[in-house]
């Protein structure tokens, strides 16, 4: 993954994904809120929502760690600059698809979500057994199960975790993305109506989509249109040290020596 595409940038992508989360997870947030013991006070409800989300982000982080590890194994087995280019290009394409999805211009990622629903059908019954929520431990566990809900945006970020070729970096990618989604989902539980109205505005969706598309295009450009064109002057085997050019030879009558 390009160094310029920092963890902060991924956090921002998570924040922008709120235009999708409001539709995808709004119903779940509402269901979880209704699943809390009615005797619970406002502070306790907020605390349980925090633990729902911590559990969800923990699942994202675990999935990112796994994908980063798979990427590391793959690149070690097939060490190749071309493989890295292919993986990074794939990440860029997925980001572009993610942006198109956010802007509601092309919802191709819905097909990916439908494929992921096969796994979710096996997990959902366990989550239902934990409702109503009676403790923060229950809330955290439900959140971890919630983290496996089919989501095209999560799958998009997991491809980026794969391209890091590092379990640690892969986990950090998903942690950053998860933290970016946190403000929207917490706010959704407190002021759902106002937030939904704002995030469903066409202009907000377009801004979010275009921003993510630009990040995808930039990522691909870093692979196929490198900014530094002076690499040919460097000796790659010497770690990028510029080779000293041989001094011209000056030959005179009857002798030949190095030019002064």
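Taken along the Cα-to-beta-carbon direction at a fixed 7 Å, the label points for residue 201 and residue 46 span 2.5 nm. Each principal axis of the Cα cloud of the stretch 59-178 was evaluated for its coordinate range; sorted largest first, these ranges are 52, 34, 24 Å. Using the average count of surrounding beta-carbon atoms within 10 Å as a protection proxy, the listed peptides 148-156, 86-94 rank, highest first, as 148-156, 86-94. With the highest mean first, a sort of the peptides 44-51, 58-65 on other beta-carbon atoms found within 10 angstrom per residue produces 58-65, 44-51.
Bear in mind these aren't lab numbers, they're just calculated from the coordinates by the rules spelled out. Not measured: the values here are computed from a predicted model. Quick reminder, even Gly has a Cβ in these numbers, built from the backbone with ideal geometry, and neighbours come from all protein chains shown.
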